[in-house]
Every structure is written in structure tokens, then in C-alpha cells.
């Protein structure tokens, strides 16, 4: 290969990298490489023709639409959104959060009460809020979220940011999710302000919440609600998931009635009765937890990712 050809190939490669990897426009590349703008266009075309640049278009909706239809039919769901999977957990959470906000924006109307739980996925959802004013709207926290550890559950922040975005009134539950005794729970929930918030949660028109896979890495465990021995005991009893801080087995039944009696927030049968209950959960490790929630009938709309969807459908 002649020196001129080698120099030309290097020029083509440099133009392609500046355009596709560094996001420079053609005018900037022309200045940098000291060629004309039409010359840059020819270099980029040459990069594609010679296979230096290969453009692949991936349409997530092609897979998503099929999976969504299959999930709706198999589990009798009202709404299903399936986002692309990703090895990066924060990317999945951002996609799930964005999908939740998009769905909510099609459902929210005046005089609506929106109930929200907490967790990193709903926290990610607040990053995708689009400012909008909805008359007489209320946002209410569905369950307590004050951690016993240093972990920030973002519980009050999520409800507050939702309220600010829609110019709605937020009602918060600045309380632990689980307390030590049923008597203590009774004393706390007897307070008229707390009782009012819980009543709003029960009556919420729409409920949006996450589903956690229960285990040593569970948010409830990281929030220091359980000792290590308690975690293993609950797993032995069949706990596979938590919804609004309430633990359930694979068949959707409550894992520990005694623990449930100490949990502050909306009850699962109240979620079950809501026509607009939306579960948001993704990542392959959440598949069993989501399936448990489906078995209990605790939600009628699901936002998840392709990995979970494929598992739920029993596909490879």
C-alpha cells in the first residue's frame, strides 16, 4: 500500500472517530483536519463504504411490543411496558422510571390522588418528570420509609418532587416502614394526621410502587429493619418479595402475618382492589419477585425490562 493510501486511511479513520465517537460536527472536523466540509462528508461516506463504520439500528419496540402483548394476554394486565435490558442497573432504573412517568402522564387528570411508594427506581423516575399543572391533584406516600440505618430511601423526597412537578398537594409518612410491636403501630397510626394520610393512600386513584426481591441485599434489610437471623428465618418461611414493605411468598400470600401487623402503610388487599395499580421492577433478579406479585394480583399494570418479561413468559 502506498504512503498516500495509508495517509488517506488514517484520515478516514480520524474523521470517523471525531464524528461518531467525539460528536464533532462536520464543520468542526473540517477545521481540525484542515480539509473542506464536502471533503469531510466524502471521508465519512468512505468510512461507511469500507466497513470502518458499521451502523446498526436496534428497535427496542420490536421486541417490546411482542413481549408487552404476550404479558397482557397471559396475566390479564391492563397496561404493560417493556424496556430494553442493560447490564448497568442504573440504566435499567432510568428506563423504567421514564416509562412510568410517560404512563402516568396519560392517566393523570384533575381531582386525581396518586399514591407512590419509595426506592431507587421511583427516585430515578423523578428525574424524568415533565412540569405540568393538574387541578386538585394530590400525591400521597403509600408506606413508611424512614430508615433505621444511614440508607436514604428518598421516601418523602419522591412524593414531594411529584407534588411539586404537578403543582399537587403532597402528603407524607415520615415514619419507619416497620415498627417493633403492633401496639406501637396502633399508637402511631391513631394520630389524626397520620390517619388522614393513610386514608388518602387507601383511597388513591392510582398507586405506583416497586417490587423488591427479598434477601440480604433487599432495601428493607439494608435499611436495618431485620437482623441477619431474621432475614434467614423469613427466607425459610418463603419470603421472596416485598411490595410496599410487605413480604410475600411465591404464591403471593403474606409471608409473616405477625410482621405484617407491624408494617405501616397501605395493605396488599387495598392495592389489589385498585383498578390503577402500577408495579415497576426490572433486572433479571426481580423476575421471581414480580411473578409473586402477579400471583397475588396486587397490580394491574406492569413496567419491566426484557429479561424479566422473557422469564415471566417462560421463554429462553
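The values are calculated or read from the model by the stated rules, or taken from the named source; none is laboratory data. These numbers come from a predicted model, not from an experiment. Positions of Cβ are generated from backbone atoms using ideal geometry, with glycine treated the same way; all protein chains shown enter the neighbour counts.
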Practice item. Would you check which residues across segment 269-316 are on the phi > 0 side of the Ramachandran plot and in contact with a helix residue (DSSP H, G or I) (Cβ under 7 Å, 6 or more places away or on another chain) and list them? Key: 283, 297
Review point. Considering segment 270-299 alone, what residues qualify as being in a loop (DSSP other than H, G, I, E, B) and surrounded by fewer than 19 Cβ atoms within 10 Å (Cβ to Cβ)?
Key: 273, 275, 297
Point to revise | Flag for residue 28 being outside the structural domain of residue 300 (by TED's automatic domain parsing) and either in a helix (DSSP H, G or I) or modelled with pLDDT of 95 or more (or both) | key: yes
Check your understanding: What number of residues within segment 300-313 satisfy the criterion of being closer than 25 Å to residue 203 by Cα and part of a loop (DSSP other than H, G, I, E, B)?
Key -> 1
Check your understanding: Quick one: how many residues across segment 307-316 are surrounded by fewer than 20 Cβ atoms within 10 Å (Cβ to Cβ) and in contact with a strand residue (DSSP E or B) (Cβ under 8 Å, 6 or more places away or on another chain)?
Key -> 0
